[in-house]
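Heads up: the structure comes next, in structure tokens.
The values are calculated or read from the model by the stated rules, or taken from the named source; none is laboratory data. The model shown is predicted, which means the values in this text are computed figures rather than measured ones. Using ideal geometry, Cβ is built from the backbone for each residue, glycine included, and neighbour counts are taken over all protein chains shown.
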Amino acid sequence: MTDSMGLRVGVVGVGFGTTVHVPGFQSEGLEVVAIAARRGERAREAAAQFNIPNATDDWREILAMPEVDIVSIASPHPLHSEMSVAALEAGKHVLCEKPTAVNADEARVMRDAARSSTKTAMIAHEFRWAPQRAFVRQLMDQRYIGDLRFVRGNLEVGPRRAPSRPRPAPNPDLGRRGGFLWGLGSHYLDAFRHWFGDIVAVQSIMRAQMPERVDASGAPTRTESDDTFAVLIEFANGGWGSFSGSSAAPFGDGAQIEIFGTEGSLSTPQPTPGFNPPPDGKVYGAKFGDESRDELPMPSEFVPFDDERDHRLLAFRLMVRELVKGIGEGKSPAPNFEDAYRIQQVLDAVVESSETGRRVSIVLD
């Protein structure tokens, strides 16, 4: 548990908010004093479950509470920009879920609000603290593979029996800005940028391989939100990569990232059914002179405790520790709203490339 400095949290959202955010904050010694949900009864149920004194169906009420120091935003991403900016203007520290926003314009507004604020603002790419990914970052810093040549990421999952009915449709207003790449792929893009530096160009394809869905009433509908994508990536350091994913891949093997450099290679397998790097994830590596790519011993510093309630809680709680440290130092640790804006630029470029069929450059403004 970290020194919470007596910080108190208001959480907006009761999906991921109650699965990870609330228990994560409480386990790190922070007091969750308010929770908001669009439906008041869900907020009250969550408040009763976690012994939270205030529940509301209006997130703005949390911003007006003097006892709230941090606003943790776990709402749908079309609301992130408005909520984050309002929270910063209300004098609150902010932790905002990914994906950052609907587009780079919204993410730029968030970044600019954070720049002009004295408060700490972070984006919840918590898997930077997953042991697998933190270890890879250390190995890259140690130049284990030398210079990056190529990274390959694959994320394929899907049904193991014929679906009995179509899946629910994403928000139809979001189009390609609310599918599989936005929801899961954004974590992988953040990992690539964290390991290898800025992404400066992409070329991509996004498809709805299973477009038949049902709407909120259960009526048949169709979606153009992607369940499958493929992206070619160019990094500012001269390396490049490919990243493909599908949630419509029957018997898909899960996730795999392989990194190839001038002096060796690394691999981070994630067997099915997981989308996310597990707390006990392994890293395999080899350098010139080795006979094969073998498991590398995981440094204990990346696994300081176990939390069996949810596989995401280890990484989230370590991120909370960084948030608290940043508040104490008057800084916004990475991944902050600057990082969030950069990833949003990449996501926008992927959509543009898919729609135009062209390579799209990213301006690092």
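In region 331-365, the residue that is surrounded by the most Cβ atoms within 10 Å (Cβ to Cβ) out of those that are in contact with a Ser or Thr (Cβ under 6 Å, 6 or more places away or on another chain) and farther than 30 Å from Gly10 by Cα is Val350. Taking the listed residues Arg152, Arg143, the one that is surrounded by fewer than 16 Cβ atoms within 10 Å (Cβ to Cβ), in a loop (DSSP other than H, G, I, E, B) and not assigned by TED's automatic domain parsing to the domain that holds Val71 is Arg143, with no other qualifying.
Quick check: is even one residue across region 310-330 assigned by TED's automatic domain parsing to the domain that holds Trp240, out of contact with any helix residue (DSSP H, G or I) (no Cβ under 7 Å at 6 or more places or on another chain), surrounded by fewer than 16 Cβ atoms within 10 Å (Cβ to Cβ) and acidic (Asp, Glu)? No, every residue in region 310-330 fails to be assigned by TED's automatic domain parsing to the domain that holds Trp240, out of contact with any helix residue (DSSP H, G or I) (no Cβ under 7 Å at 6 or more places or on another chain), surrounded by fewer than 16 Cβ atoms within 10 Å (Cβ to Cβ) and acidic (Asp, Glu). Select from region 306-329 the residues that are in contact (Cβ under 8 Å) with a residue 12 or more places away in the chain and not in a helix (DSSP H, G or I) and list them in ascending order. Matches in region 306-329: Asp306, Asp307, Arg309, Asp310, His311, Arg312. Check every one of the strands (runs of 3 or more DSSP E) wholly within region 215-264 and list those with 3 or more residues that are touching a Ser or Thr at 6+ places or on another chain (Cβ under 8 Å), of a type in the set (A, V, I, L, M) and at pLDDT 95 or above. Once the strands (runs of 3 or more DSSP E) in region 215-264 are filtered for at least 3 residues that are touching a Ser or Thr at 6+ places or on another chain (Cβ under 8 Å), of a type in the set (A, V, I, L, M) and at pLDDT 95 or above, what remains is 228-235.
Against the conditions (1) farther than 23 Å from Ala121 by Cβ; (2) crowded, with 22+ Cβ neighbours inside 10 Å, Ala48 satisfies every one except (2).
Scanning region 140-152 for residues that are on the phi < 0 side of the Ramachandran plot and touching a Gly at 6+ places or on another chain (Cβ under 7 Å) gives Tyr144, Ile145, Asp147, Leu148, Arg149, Phe150, Val151, Arg152. When we screen Ser332, Ser353, Ser292 for residues that are in a helix (DSSP H, G or I) and either small (Gly, Ala, Ser) or modelled with pLDDT under 95 (or both), the only hit is Ser353. Cβ-Cβ contacts under 8 Å between residues 6 or more apart (or on different chains), taken from a first residue in region 346-365 that is closer than 16 Å to Arg111 by Cα to a second residue that is of a type in the set (Asp, Glu), are listed as Leu364/Asp198. Tell me, yes or no, whether region 127-137 has at least one residue that is among the basic types (Lys, Arg) and under 22 Å from His77 (Cα atoms). Yes, the conditions are met somewhere in region 127-137. Summed over region 97-119, residues that are basic (Lys, Arg) and more than 17 Å from Val12 (Cβ to Cβ) total 3. Within region 47-68, take every residue that is closer than 21 Å to Val20 by Cβ and in a loop (DSSP other than H, G, I, E, B) and give me the one that is nearest to the chain's Cα centre (by Cα). The selected residue is Val68.
The residues in region 1-49 that are free of Cβ contacts under 8 Å to residues at least 40 places away in the same chain and under 21 Å from Val324 (Cα atoms) can be counted, and the count is 11.
All conditions but one from (1) in the same structural domain as Arg137 (by TED's automatic domain parsing); (2) at pLDDT 95 or above apply to Pro278; the one that does not is (2).
Tell me, which residue of region 70-105 that is touching a Cys at 6+ places or on another chain (Cβ under 6 Å) and assigned to a helix (DSSP H, G or I) is surrounded by the fewest Cβ atoms within 10 Å (Cβ to Cβ)? Across region 70-105, the extreme among qualifying residues is His80.
Looking only at residues of region 15-38 that are at pLDDT below 95 and either assigned to a loop (DSSP other than H, G, I, E, B) or of a type in the set (Asp, Glu) (or both), we find that the one that is farthest from Ile62 (Cα to Cα) is Gly15.
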